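Colleague: The structure that follows is given in the form of structure tokens.
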Ligand SMILES: Cc1ncc(C[n+]2csc(CCOP(=O)(O)OP(=O)(O)O)c2C)c(N)n1
């Protein structure tokens with residue numbers, strides 16, 4: 001009786017999956033879907049470039065923990081999604097992307113707007129499907145959502161030929177809901193091996209100088225409370241990757257801030273000196289480790305990850321634990337508590353170590369030379385942090401803006417820092433802010449941007465205006481592709497080649513022409529006013545153009561290929577000698 | 001980047017018999033810069049599964065990564081590294097050799113007899129020889145017939161499975 005077209009099944013299945021928002025852009029191959037979508041409760045956000053649809057869906061997922069959904073037509077629609085999907089893929093974000101495709105009988109003929117979407121997206125997805133028969137459609141959608149959110153989350157692409165979505169078949173809500181997904185080659189192991197957990201617990205309790213090295217997996221499995229508990233229980237300093245910012249509050253005494261290329265002195269030194277590296281949901285990326293041989297060179301390494309292939313990929317691991325971070329940490333904490341009764345005296349030495357790392361933090365904080373003449377980009381981020389009480393959802397573009405946001409925004413909560421970590425895609429921040437604002441209409445959402453990056457998806461101002469999204473864009477305008485300029489400055493004798501953005505739009509007028517608000521600050525004393533005004537606007541996007549010091553560098557900086565301990569530090573006003581603290 | 005070839009490993013894989021499954025495996029190797037020496041795909045007793053045998057090169061760390069990355073693929077059901085295990089390991093060779101003189105014909109027949117190769121096709125001045133054996137046998141055979149003049153040859157790549165006294169390849 002309930003016969004439905006492929007397009008109707010598509011919409012219904014998504015409703016049953018609990019999808020509330022889709023980010024997309026129509027075209028010939030998906031006309032039937034759009035025809036039905038109009039009658040659904042699912043809100044469709046019409047972006048202005050498909051890349052933004054993928055990025056917004058990614059951000060929606062990062063903020064909510066649910067699967068983000070985007071939709072594009074065949075051919076150019078699908079290829080435009082690619083960068084956004086690669087962002088999500090690299091950062092293990094659950095996204096399901098639906099693409100139109102030419103009818104099955106035309107596939108392979110170089111038909112109009114045909115591309116091999118499954119071929120193109122294979123290396124940037126966890127899995128992808130080309131649905132060839134209407135009878136496979138509902139099952140495929142179910143599988144797609146399951147694969148995207150389970151195990152190590154990721155991107156799933158579902159390619160929908162036009163004839164398939166026009167065909168008719170039976171569909172029952174109940175059947176869809178009750179169907180269990182069975183994939184024989186896919187059985188993520190979530191519960192860690194108890195023997196390994198016990199071993200790790202013992203190493204921890206007996207360690208003198210441990211460090212918790214926390215990555216995006218902790219956000220994915222929502223294990224931030226466990227991380228904090230473990231840290232407090234054993235007096236262990238914590239450092240996070242860019243992907244895990246917010247897993248522990250910025251102001252937590254045990255938090256040493258971000259580690260890696262632009263990480264803090266304290267975090268990088270703690271890693272260098274530790275005797276136990278406790279990695280959770282982190283993947284030892286080169287931007288984190290610097291020279292691998294000198295990353296935690298004296299440490300016993302424990303690594304918890306849901307993806308066995310991450311363990312031992314870059315760094316040799318002594319105690320691997322395959323499993324979900326939250327489940328494993330819960331078990332581990334139980335074991336630790338038992339062991340602490342047996343070895344209470346070990347706490348003292350760890351307290352000393354923690355103190356030492358805290359001293360590093362005080363002596364060598366993230367730092368810049370303040371100015372009352374020009375706007376320092378770091379000052380803008382500090383002000384944003386102060387005026388939003390560290391509670392805004394921050395998205396970033398890529399480059400210096402991203403690193404300053406990471407260093408100076410005093411983030412309070414997880415799922416509040418969205419940045420393209422693995423891919424490092426300029427243009428991410430603004431669509432991400434849109435996705436985040438759609439997910440959290442009440443939140444303050446700020447894209448901390450560079451003047452280069454923002455122009456990669458500036459067209460989305462129209463989207464934000466259309467849906468009355470009050471996202472704030474803070475452009476740290478240095479007239480340069482700043483991070484590239486910094487590298488040319490440091491490694492290419494200041495031979496600034498093609499990094500000067502000598503022609504720029506007037507960002508204020510540009511915002512206004514889209515129907516958004518444009519504000520500008522040219523002097524330090526104007527910064528606060530501009531931010532306050534921007535924060536007061538609740539019904540449309542605001543672009544804040546901060547004319548910044550042009551040649552400010554991001555520091556600390558570990559030159560590529562160097563060890564973390566060889567980081568270049570900012571010039572602190574009062575030089576204090578580094579005392580050997582432990 | 002040129003990678004030195006370490007010990008050869010023979011890895012056998014059960015994979016869903018689906019479009020895209022093989023592509024994902026092959027692309028894994030190119031994307032991660034692993035070397036495949038040979039790759040064989042074929043049916044199994046179960047129509048929904050294909051069996052792949054891969055010969056790959058690398059140090060222990062690389063091999064471990066290859067196995068893990070293969071296991072991670074959704075369509076891959078089982079993976080087993082058979083290197084050093086008691087297994088049957090065979091490859092098929094078909095080679096057309098030049099035999100335009102009587103001496104050459106005799107030599108081709110003699111070598112075929114020694115190695116147990118079959119002459120499966122004949123023309124005026126060519127024999128087509130077929131040989132099944134392990135890699136070393138095939139290599140030796142090719143080396144010896146080379147002087148006759150190889151016109152064309154093809155090898156299937158190795159297939160392998162555990163000897164039955166030692167249980168099933170995939171348990
Ligand atoms: C799509 C893309 N293209 C190129 C790059 C290389 N890249 C990294 S940072 C950067 C400069 C970014 O300039 P801007 O957005 O002005 O930010 P700033 O560094 O000045 O804060 C570039 C070009 C990139 N990360 N992404």
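The values are calculated or read from the model by the stated rules, or taken from the named source; none is laboratory data. In this text the structure is predicted, and so the values were computed from the model without any measurement. FYI the Cβ positions are ideal-geometry reconstructions off the backbone, even for glycines, and counts take in every protein chain you see.
Colleague: Just for strands (runs of 3 or more DSSP E) wholly inside region B:13-82: which have at least 1 residues that are within 12 Å of chain A (Cβ to nearest Cβ) and closer than 22 Å to residue A:188 by Cα?
Modeller: B:49-57, B:76-81
Colleague: Determine which member of the set A:218, A:156, A:131, A:181 is over 30 Å from residue A:80 (Cβ atoms) and in contact (Cβ under 8 Å) with a residue 24 or more places away in the chain.
Modeller: Step by step, each of A:218, A:156, A:131, A:181 is checked, and only A:218 is over 30 Å from residue A:80 (Cβ atoms) and in contact (Cβ under 8 Å) with a residue 24 or more places away in the chain.
Colleague: Right, something else. From the set of residues in region A:147-161 that are away from chain B (no Cβ under 12 Å) and touching a helix residue (DSSP H, G or I) at 6+ places or on another chain (Cβ under 6 Å), which is surrounded by the most Cβ atoms within 10 Å (Cβ to Cβ)?
Modeller: Selected residue: A:155.
Colleague: Moving on. Output the number of the condition that residue A:493 fails; it satisfies all remaining conditions of (1) free of Cβ contacts under 8 Å to residues at least 40 places away in the same chain; (2) within 28 Å of the chain's Cα centre (by Cα); (3) not in a helix (DSSP H, G or I).
Modeller: The single condition residue A:493 does not satisfy is (2).
Colleague: So, in region A:300-310, of the ones that are surrounded by 22 or more Cβ atoms within 10 Å (Cβ to Cβ) and in contact with a helix residue (DSSP H, G or I) (Cβ under 8 Å, 6 or more places away or on another chain), which residue ends up farthest from the other protein chains (Cβ to nearest Cβ)?
Modeller: In this case the residue turns out to be A:302.
Colleague: So, one more: Would you be able to tell me the number of residues in region A:435-450 that are within 16 Å of the ligand (Cβ to nearest atom) and either under 18 Å from residue A:392 (Cα atoms) or in contact (Cβ under 8 Å) with a residue 60 or more places away in the chain (or both)?
Modeller: 4
One line per residue, one yes/no per condition, for (1) more than 22 Å from residue A:264 (Cα to Cα); (2) more than 16 Å from the ligand (Cβ to nearest atom):
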position	(1), (2)
A:470	yes, yes
A:477	yes, no
A:480	yes, no
A:491	no, no
A:504	yes, no
A:528	yes, yes
A:539	yes, yes
A:543	yes, no
A:558	no, yes
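Colleague: Filter region A:506-516 down to residues that are more than 27 Å from the chain's Cα centre (by Cα) and touching a residue at least 24 places away in the same chain (Cβ under 8 Å) and give me whichever is nearest to the ligand (Cβ to nearest atom).
Modeller: Among those that are more than 27 Å from the chain's Cα centre (by Cα) and touching a residue at least 24 places away in the same chain (Cβ under 8 Å), it is A:510.
Colleague: For region B:109-125, which residues satisfy the criterion of being more than 20 Å from the chain's Cα centre (by Cα) and surrounded by fewer than 18 Cβ atoms within 10 Å (Cβ to Cβ)?
Modeller: Selection gives B:109, B:110, B:113, B:114, B:119, B:120, B:121, B:122, B:123, B:124, B:125.
Colleague: Restricted to region A:359-397, and to residues that are touching a strand residue (DSSP E or B) at 6+ places or on another chain (Cβ under 8 Å) and more than 18 Å from residue A:544 (Cβ to Cβ), which residue is nearest to the ligand (Cβ to nearest atom)?
Modeller: Among residues in region A:359-397 that are touching a strand residue (DSSP E or B) at 6+ places or on another chain (Cβ under 8 Å) and more than 18 Å from residue A:544 (Cβ to Cβ), the one nearest to the ligand (Cβ to nearest atom) is A:366.
Colleague: Something else about it: Looking at region A:98-139, which of the residues that are more than 12 Å from chain B (Cβ to nearest Cβ) and within 28 Å of the chain's Cα centre (by Cα) is nearest to residue A:162 (Cα to Cα)?
Modeller: Result: A:100.
Colleague: Something else about it: In the set A:214, A:164, which member is buried (at least 19 other Cβ atoms within 10 Å of the Cβ), more than 14 Å from every other protein chain (Cβ to nearest Cβ) and closer than 28 Å to residue A:12 by Cβ?
Modeller: Being buried (at least 19 other Cβ atoms within 10 Å of the Cβ), more than 14 Å from every other protein chain (Cβ to nearest Cβ) and closer than 28 Å to residue A:12 by Cβ holds for just one of A:214, A:164, which is A:164.
Colleague: Moving to a separate point now. Against the condition surrounded by fewer than 21 Cβ atoms within 10 Å (Cβ to Cβ), more than 8 Å from the ligand (Cβ to nearest atom), away from chain B (no Cβ under 14 Å) and in a helix (DSSP H, G or I), how does residue A:484 come out, does it pass?
Modeller: For residue A:484, the condition - surrounded by fewer than 21 Cβ atoms within 10 Å (Cβ to Cβ), more than 8 Å from the ligand (Cβ to nearest atom), away from chain B (no Cβ under 14 Å) and in a helix (DSSP H, G or I) - is not met.
Colleague: I've got another one for you. Exactly one of (1) within 14 Å of another protein chain (Cβ to nearest Cβ); (2) buried (at least 24 other Cβ atoms within 10 Å of the Cβ); (3) over 22 Å from the mean Cα position of the chain (by Cα) is unmet by residue A:144. Its number?
Modeller: Going through the list (1) within 14 Å of another protein chain (Cβ to nearest Cβ); (2) buried (at least 24 other Cβ atoms within 10 Å of the Cβ); (3) over 22 Å from the mean Cα position of the chain (by Cα), residue A:144 breaks only (3).
Colleague: All but one of (1) at pLDDT below 95; (2) under 21 Å from the mean Cα position of the chain (by Cα) hold for residue B:61; state the number of the condition that does not hold.
Modeller: All conditions are met except number (2).
Colleague: Output the number of the condition that residue A:530 fails; it satisfies all remaining conditions of (1) touching a residue at least 40 places away in the same chain (Cβ under 8 Å); (2) buried (at least 18 other Cβ atoms within 10 Å of the Cβ); (3) assigned to a helix (DSSP H, G or I).
Modeller: Of everything listed in (1) touching a residue at least 40 places away in the same chain (Cβ under 8 Å); (2) buried (at least 18 other Cβ atoms within 10 Å of the Cβ); (3) assigned to a helix (DSSP H, G or I), residue A:530 misses just condition (1).
Colleague: Also, I was wondering about something else. Within the set of pairs 6+ apart or on separate chains, which have a first residue in region A:192-203 that is under 14 Å from residue A:300 (Cα atoms) and assigned by TED's automatic domain parsing to the domain that holds residue A:333, a second that is at pLDDT 95 or above and in a helix (DSSP H, G or I), and C-beta atoms under 6 Å apart?
Modeller: Matching pairs, first to second residue: A:201/A:332; A:201/A:335; A:201/A:336; A:201/A:339.
Colleague: Out of everything in region A:399-415 that is within 12 Å of the chain's Cα centre (by Cα) and buried (at least 24 other Cβ atoms within 10 Å of the Cβ), what residue ends up being nearest to the ligand (Cβ to nearest atom)?
Modeller: Here the residue is A:402.
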